[in-house]
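**Q** Let me give you the structure first, and then I'll get to my questions.
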Amino acid sequence: MKRVYKQKLAVCDEQDIFLPKGSKALHIDIQKEDVCMWFECDDEAQMERRKILGIGTGYRVPSQEAEYIGTVLLYGGSLVYHFYMEANQ
């Protein structure tokens, strides 16, 4: 069954998370001081590892295999961080 879930993300250059296979990123934002990604998935699908990349403004954009998720402003807007999710590994 398709559902929408939330995954907290760390503010770092690279991290691995586990999502149901075929998950689609919908939105990224700050919730209660945490960076969160909301995603749509089939909650009965097998879990798979996905790599999340975070880059600051002015840094090199990841390869075309990485899908843009969204941008968040942190620390009162003094840090702007852009998140990408790499294609299935």
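The values are calculated or read from the model by the stated rules, or taken from the named source; none is laboratory data. Every value quoted in this text rests on a predicted model; they were computed, and no experiment measured them. Cβ atoms come from the backbone with ideal geometry, glycine included; neighbour counts cover every protein chain shown. SASA here: full protein model, heavy atoms, side chains in, ligands and nucleic acids out. Shrake-Rupley method; radii C 1.70, N 1.55, O 1.52, S 1.80 Å.
**Q** How about the range 1-19: which of its residues are of a type in the set (Val, Ile, Thr) and either assigned to a loop (DSSP other than H, G, I, E, B) or open to solvent by 50 Å² or more (accessible area, probe 1.4 Å) (or both)?
**A** Within the range 1-19, Val4, Val11 meet the criteria.
**Q** Still on this structure, I have one more. Output the qualifying pairs, or none if there are none: Cβ atoms under 9 angstrom, residues six or more apart or on different chains, first residue in the range 17-38 and in contact (Cβ under 8 Å) with a residue 24 or more places away in the chain, second residue of a type in the set (Val, Ile, Thr) and outside any strand (DSSP E or B).
**A** If the second residue must be of a type in the set (Val, Ile, Thr) and outside any strand (DSSP E or B), the pairs left are Val35/Val11.
**Q** Here's another thing I want to ask about it. Consider Gly22 carefully, then state whether it is touching a Cys at 6+ places or on another chain (Cβ under 9 Å) and part of a loop (DSSP other than H, G, I, E, B).
**A** Yes.
**Q** While we're here: Scanning the range 73-89 for residues that are closer than 14 Å to Leu53 by Cα and either of a type in the set (Lys, Arg) or in a loop (DSSP other than H, G, I, E, B) (or both), which turns out most open to solvent (accessible area, probe 1.4 Å)?
**A** Result: Gln89.
**Q** Let me ask something else about it. Being at pLDDT 95 or above and open to solvent by 90 Å² or more (accessible area, probe 1.4 Å): is that true of Arg60 here?
**A** Against the criterion (at pLDDT 95 or above and open to solvent by 90 Å² or more (accessible area, probe 1.4 Å)), Arg60 does not qualify.
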